[in-house]
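Quick notes on the structure that follows.
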Amino acid sequence: MRRSATVWLAVAAISVGGVALAAITRIDEAATVGEQAERIRDDRPSIGGCHVFPVDNAWNRRIDADPLRSDSDAIIATIQSNGGTRLHPDFGENPNYGIPYVVVDAGQTEVPIDYQAYGDESDPGPFPIPLDAPVEGGDGSSGDRHVLVVRSGTCELFELYRAFRSGGGWAADSGARFDLASSDLRPLGWTSADAAGLPILPGLVRYDEVAAGSIDHAIRITFARTQDGYILPATHAASSRSDPTLPPMGLRLRLKAEFDVDSLTGQARIIAVAMQRYGVIVADNGSNWYFQGAPSSSWDDDDLNQLKAVGGDWFEVVDTGPIRR
């Protein structure tokens, strides 16, 4: 008989904009003599030698067994009546599609950040962002122009929205710093480089994960119309609409278990499995059912395009907490 000798420790509550979120840490000890210790498998994503948030962080938590919201059907119906009705990978073979990121070492020079719009809800610079860091959509983009940087060694994530090189630094509408070893959220009511106040990088589909055969985190998604509200770990709303059947920021949806993932092949199948296990998180306003990934020359558009046949009515809404306003 195999047995794991496990100790559960309650650790200090994490303060999140005035809200305390209790955290539980699991520690495995060696089993008694003659018994084999059972190890905990750590499926957390890793970038630049850094785990992307603790194992029990919302992004890394499976939700395939979580209960549904009582208004799940109504929310899906409203989404389906307000724009596109099928999944759409917002990345692929074209290097201008997707949201790029770069990993820098602990010695990367920090540069000033000049906020243009939401400085009162942004983390002050300087940030270790190279002046040649890749910009979403390319240097000439008129879109969101996200810039994402992971600093290895310290395992910190730095993200900018509407970022432009400015002298010896960057000008941006907003920006945020995240400690990848912590589940601390932004102050309630604050945005980030994403409308929902969430980090962007943890929700991107990355080719290295797909090549390894498994995506072990939730995926970032957008919808055309959202409501004035958010569900933790989101901390910010980006709408004035009061319709309760519109999705709030931070809403978690999952691909139904009845969907036959074996009807898909290759890259598409791995992404669909992740959507069943970890789901998608509403992070911004945008085109309906568009989900985001990092650019890679290894993406196969013919493969990814299988997902464009998956209708939104194959999704259901998970209850992960109350809507805050």
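Every number here is computed from the coordinates shown, using simple stated rules; none is lab data. Predicted, not measured: the structure shown is a model, and the values here were computed from it. Here Cβ is always computed from backbone atoms with ideal geometry, including for glycine, and neighbour counts include all displayed protein chains.
Measuring from centroid to centroid over Cα atoms, what is the spacing of the stretch 300-325 and the stretch 139-185 in Å?
26 Å
If the only charges are +1 at each Lys and Arg Cβ and -1 at each Asp and Glu Cβ, what is the size of the charge dipole of the chain around the Cα centre, to the nearest 20 debye?
About 560 debye.
If you average 1/r over every pair of different alpha-carbon atoms in the chain and take one over that average, what Kirkwood value in Å do you get?
20.5 Å
In the stretch 222-303, what trypsin sites (Lys or Arg not before Pro) fall in a loop by DSSP, with at most 16 other Cβ atoms inside 10 Å?
Sparse-neighbourhood loop trypsin sites (Lys or Arg not before Pro): R225, R241, K256.
Can you sort W190, W299, W289 so the residue with the fewest Cβ neighbours within 10 Å comes first?
Listing W190, W299, W289 from fewest to most nearby Cβ atoms yields W190, W299, W289.
Calculated from DSSP H runs of 4 or more alone, at -39500 (n - 2.57) each and per residue, what is the 222 nm mean residue ellipticity of the chain, nearest 500?
When only DSSP H runs of four or more count, the value is -2500 deg cm²/dmol.
Considering the options F223, G119, L188, tell which one lies farthest towards the positive end of the dipole of the chain, charges being +1 on Lys and Arg and -1 on Asp and Glu at the Cβ, about the Cα centre.
So the residue furthest toward the plus end is L188.
Report the Cα centroid-to-centroid distance between the stretch 121-138 and the stretch 208-224 in angstrom, as an integer.
Result: 23 Å between the Cα centres.
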